[in-house]
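Written out below as structure tokens is the structure these notes cover.
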Amino acid sequence: MHLRLGLDIGGTKMEAAILATYSGRDEVLARERVPTQREEGFTNVYKRMIKLINNVLNQNGTSLSDLAGIGIGLPGAVDPKTRQMLNGNTAIFVGQDLPKLLALDLAFSGPIAVANDANCFALAEAILGIGQKHAKETGKTPEQLNSIGVILGTGVGGGLIYQGRVLEGTNGGAGEIGHTQLDPNGPKCFCGRQGCAETFLSGKGLESWYGARFGEQLFALQIFDRAEMMDKNAVLALKIYRDYLDQFMLNLISFFDPDFIVLGGGVSLQPAIYQGLEERIWKHTFIPNAQPRIYPNMLGDSAGVIGAALLVP
Ligand SMILES: [Zn+2]
């Protein structure tokens, strides 16, 4: 049995799980989730991280020496050479050498892989989530497919999967698609540019431009609810949102020519964003044969920890 430990470290929660692979099947054997409590600082969070790892190992009597490796998902871009987080909204992890610390403190000599959480999401969906379904329907294996995981959450993030593997890029920045521009005159983004995809398509972005345009501060969820009830402003906002999403998807397809795109994050739970989406964009793909599917995710919020485990070969 091939055992891998995944660790999904987020700004609000941390989760660990053991993924077992045997006879071509994958199963989560143990898992536990705790709040990150990042305000307590790195040392305290790190201590709880060690405890979390030991807890999931103890849950089904696995010892560290049984593990093929440990995979860690972090909430920011990760430098593939130093394996340290370069940026992100959870500053306590920036510049920390987690693989080195964990290897020492756990006395673990196996491989420890690190990637950003959006890459973990994309990898999990590609290999064990919607990628399985797509592979079955097309007569391929998940490892033969190319896909993009797009997170439409508080921000917009993404991961590029080429034939079953994460594309990191030279500096670990491949797939930072939230900061590609949709409108040079659009809202200011925290990254310094204007009109990034994130400023239009993230939950926060939608709330912000809705407020500026219609003079009412609503949560993203309320905007979608009102659109369903045919509220005039919300219906118009949904149309604008879809137009931006169309352009964003078409840009991604031109860059990467994927088999499919899988959406995650809070906004991806809204069925309204999928209505007519494929039909509209398929008319405009540059390569006429490129008709990638666009799916909601299958693994929900388990994708992070499963993707982290899958980072280990
Ligand atoms: Zn930006």
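The values are calculated or read from the model by the stated rules, or taken from the named source; none is laboratory data. As the structure is a computational prediction, the values presented were derived from the model and not from experiment. Cβ atoms come from the backbone with ideal geometry, glycine included; neighbour counts cover every protein chain shown. Just so you know, the surface numbers come from the protein's heavy atoms only, side chains and all, with ligands and any DNA or RNA stripped out. Shrake-Rupley method; radii C 1.70, N 1.55, O 1.52, S 1.80 Å.
State all residues of region 219-275 that are among the basic types (K, R) and either closer than 19 Å to T199 by Cα or under 19 Å from the mean Cα position of the chain (by Cα) (or both); if no residue qualifies, say none.
Within region 219-275, K239, R242 qualify.
Restricting attention to region 252-260, does a residue exist that is under 25 Å from A122 (Cα atoms), open to solvent by less than 40 Å² (accessible area, probe 1.4 Å) and hydroxyl-bearing (S, T, Y)?
No, region 252-260 contains no residue that is under 25 Å from A122 (Cα atoms), open to solvent by less than 40 Å² (accessible area, probe 1.4 Å) and hydroxyl-bearing (S, T, Y).
Of everything in region 159-173, what is outside any strand (DSSP E or B) and more than 16 Å from the ligand (Cβ to nearest atom)? Give them in sequence order.
Once the filter is applied, which keeps residues that are outside any strand (DSSP E or B) and more than 16 Å from the ligand (Cβ to nearest atom), region 159-173 yields Q163, G164, L167, E168, G169, T170, N171, G172.
From the residues in region 174-197 that are of a type in the set (G, A, S) and part of a helix (DSSP H, G or I), which one is modelled with the lowest pLDDT?
Result: G178.
Would you please list the contacts, defined by Cβ atoms under 6 Å and residues six or more apart or on different chains, that run from a residue in region 169-181 that is aliphatic (A, V, I, L, M) to a residue that is more than 16 Å from the ligand (Cβ to nearest atom)?
A174/L160; A174/L167; A174/E168
Can you work out which of the residues in region 1-25 that are surrounded by fewer than 20 Cβ atoms within 10 Å (Cβ to Cβ) and of a type in the set (D, E, K, R) is nearest to P35 (Cα to Cα)?
Across region 1-25, the extreme among qualifying residues is K13.
Need a quick list: strands (runs of 3 or more DSSP E) entirely within region 1-108 having at least 1 residues that are of a type in the set (S, T, Y).
Passing ranges, in order: 13-22.
Residues checked against (1) buried (at least 18 other Cβ atoms within 10 Å of the Cβ); (2) not in a helix (DSSP H, G or I):
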site	(1), (2)
T199	yes, no
L218	yes, yes
F224	yes, no
A234	yes, no
A237	yes, no
I240	no, no
Y244	yes, no
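Take A272 and decide whether it is open to solvent by less than 10 Å² (accessible area, probe 1.4 Å) and modelled with pLDDT of 95 or more.
no
Taking the condition aliphatic (A, V, I, L, M), more than 21 Å from I18 (Cβ to Cβ) and open to solvent by less than 10 Å² (accessible area, probe 1.4 Å), does M85 pass?
In short, yes.
Counting only residues that are assigned to a loop (DSSP other than H, G, I, E, B) and more than 11 Å from the ligand (Cβ to nearest atom), how many does region 201-216 have?
Of the residues in region 201-216, 2 are assigned to a loop (DSSP other than H, G, I, E, B) and more than 11 Å from the ligand (Cβ to nearest atom).
Which one of D105, D66 is open to solvent by 50 Å² or more (accessible area, probe 1.4 Å), more than 30 Å from T154 (Cβ to Cβ) and touching a strand residue (DSSP E or B) at 6+ places or on another chain (Cβ under 6 Å)?
From the options D105, D66, the qualifying one is D66.
Of the residues that make up region 176-191, is at least one surrounded by 23 or more Cβ atoms within 10 Å (Cβ to Cβ) and within 13 Å of the ligand (Cβ to nearest atom)?
yes
Any residue in region 282-298 that is among the aliphatic types (A, V, I, L, M), within 22 Å of G149 (Cβ to Cβ) and in contact with a Cys (Cβ under 8 Å, 6 or more places away or on another chain)?
no
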